[in-house]
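This report refers to the structure that appears directly beneath it.
The values are calculated or read from the model by the stated rules, or taken from the named source; none is laboratory data. Computed from a predicted structure; not experimentally measured. Counting neighbours? That spans all protein chains shown, and the Cβs are built from the backbone with ideal geometry, glycine included.
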Amino acid sequence: MHFTVYCLDHDGMVERRLANYEAHKAYLATTPVKMVMSGPLLASDQQTMIGSFFLYEADDIADVTRFNESDPFNAAGIWKTVDIRPFLKRVDNR
């Protein structure tokens, strides 16, 4: 099963996000679930990072939730909201 993780930052988090980026990236490399894709969400200026998006493949949403809760971005208080949902992938044009 696939799961989307949609995280929106608190306002003004770009500097804190950049300060925690290396720890975040290293943490993502340890994922016990399969990372299909990930990247920052951008403001309408298409440059300012305002959140994070992840697409995971896992057996259980609890595994994704546990992994996300321990992310350095979460620990640093960057994310204001985190929404984790099952996703039914119908098309994959990669």
- Task: Give just the number: which of (1) within 13 Å of the chain's Cα centre (by Cα); (2) at pLDDT below 95 does residue 84 not satisfy?
- Result: (2)
- Look at residue 83 and say whether it is in contact with a His (Cβ under 7 Å, 6 or more places away or on another chain), touching a residue at least 12 places away in the same chain (Cβ under 8 Å) and of a type outside the set (A, V, I, L, M). no
- Message: Being surrounded by fewer than 10 Cβ atoms within 10 Å (Cβ to Cβ) and under 18 Å from residue 70 (Cα atoms) is the filter here; which residues of segment 9-31 pass it?
- Response: 29, 30
- Item | Within segment 43-93, considering residues that are over 17 Å from residue 4 (Cβ atoms) and among the hydrophobic types (A, V, I, L, M, F, W, C), the one surrounded by the most Cβ atoms within 10 Å (Cβ to Cβ) | 78
- Task: Scan segment 18-51 for residues that are in contact with a helix residue (DSSP H, G or I) (Cβ under 7 Å, 6 or more places away or on another chain), more than 22 Å from residue 63 (Cβ to Cβ) and not in a strand (DSSP E or B) and report the count.
- Result: 2
- Query: Looking at 39, 51, which is the one that is in contact with a strand residue (DSSP E or B) (Cβ under 7 Å, 6 or more places away or on another chain) and free of Cβ contacts under 8 Å to residues at least 24 places away in the same chain?
  - Reply: 39
